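Before any comments, here is the structure.
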Amino acid sequence: MRLGILGGTFDPIHFGHLLAAEESRATLGLSQVLFVPAAVPPHKQGHPILPIEHRLTMVRLAIADNPGFAISTVDITRPGPHYTVDTVQRLAQEWDTDPDHTYFIMGVDSLANLLAWHHPAQLVSACHLAVVTRPDYRANLDELEAALPGLSDRVDWVDMPAMGISSSDLQRRVRAGGSIRYQTPPAVERYIAEHQLYRAVLDILA
């Protein structure tokens, strides 16, 4: 099988996440795409985020109608903080996929900052990088290749229609009483409204 992995805070999940996963699945012939919510993202320590229970529920609601999508709680059920390379290696072992059949889905902006990641050379050896393009962003692949020899052979480009949606913008819209319709699945929109999420900064810490 060919396994895709999409990690994130998903605070909240939105159509940008879902489209990146689906385009990667279709382009690369992935058997399954795992959404991996982060319990304690290393790069967001000290920043307020919703409790994992809410974020996990919203992911479940968002992917319920796609049999090619599933959730992994690997970064929730073990002590953190968690790093991508550890998560990828653990999931590849669980799903019995080798590095040539394991794809970590990331944006081109993340690829551009790959050298700042935890053990990037090990990550490149552990999987392919399914890099979702953005029309307004480029990564210097020559520079990255010089620092991580062999990287170019591990990058698979995934073209995706431009979609300027971000979780932080959805949070701001909700707090301001604005609409998030057509930016996240209706079930997620209803969940946010029913639980009054993001209405105030204190809600995030509740």
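Just a few scattered comments:
Let's see how each residue does on (1) touching a residue at least 40 places away in the same chain (Cβ under 8 Å); (2) farther than 22 Å from THR27 by Cα; (3) not in a loop (DSSP other than H, G, I, E, B):
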| residue | (1), (2), (3) |
| --- | --- |
| PRO161 | yes, no, no |
| VAL174 | no, yes, yes |
| GLY177 | no, yes, no |
| THR184 | yes, yes, no |
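- Contact map, the range 131-153: first residue in a loop (DSSP other than H, G, I, E, B), second residue of a type in the set (D, E, K, R), Cβ cut-off under 7 Å, separation 6 or more or different chains; pairs are THR133/ASP159.
- Top-ranked residue in the range 69-88 [being of a type in the set (S, T, N, Q) and surrounded by fewer than 18 Cβ atoms within 10 Å (Cβ to Cβ); ranked as modelled with the lowest pLDDT]: THR77
- For ALA64: the one exception among (1) of a type in the set (A, V, I, L, M, F, W, C); (2) surrounded by 16 or more Cβ atoms within 10 Å (Cβ to Cβ); (3) modelled with pLDDT of 95 or more: (2)
- The criterion of being surrounded by 14 or more Cβ atoms within 10 Å (Cβ to Cβ), without any contact (Cβ under 8 Å) to a residue 60 or more places away in the chain and either at positive phi or part of a helix (DSSP H, G or I) (or both) holds for GLU189.
- Failed item in (1) in contact with a helix residue (DSSP H, G or I) (Cβ under 8 Å, 6 or more places away or on another chain); (2) closer than 21 Å to GLY8 by Cα, with LEU151 passing the rest: (2)
- When residues of the range 1-21 are limited to those that are part of a strand (DSSP E or B) and aliphatic (A, V, I, L, M), the one farthest from the chain's Cα centre (by Cα): LEU3
- Residues in the range 9-55 that are modelled with pLDDT under 95 and on the phi > 0 side of the Ramachandran plot: GLY46 alone.
- Single condition PRO48 does not satisfy, out of (1) out of contact with any Asp or Glu (no Cβ under 8 Å at 6 or more places or on another chain); (2) under 30 Å from GLN196 (Cβ atoms); (3) buried (at least 16 other Cβ atoms within 10 Å of the Cβ); (4) not hydrophobic (A, V, I, L, M, F, W, C): (3)
- Residues in the range 119-130 that are outside any strand (DSSP E or B) and more than 11 Å from LEU151 (Cβ to Cβ): 4 in all.
The values are calculated or read from the model by the stated rules, or taken from the named source; none is laboratory data. Since the structure is predicted, the reported quantities are computational estimates derived from the model, not experimental observations. Backbone-built Cβ (ideal geometry, glycine too); neighbour counts: all protein chains shown.
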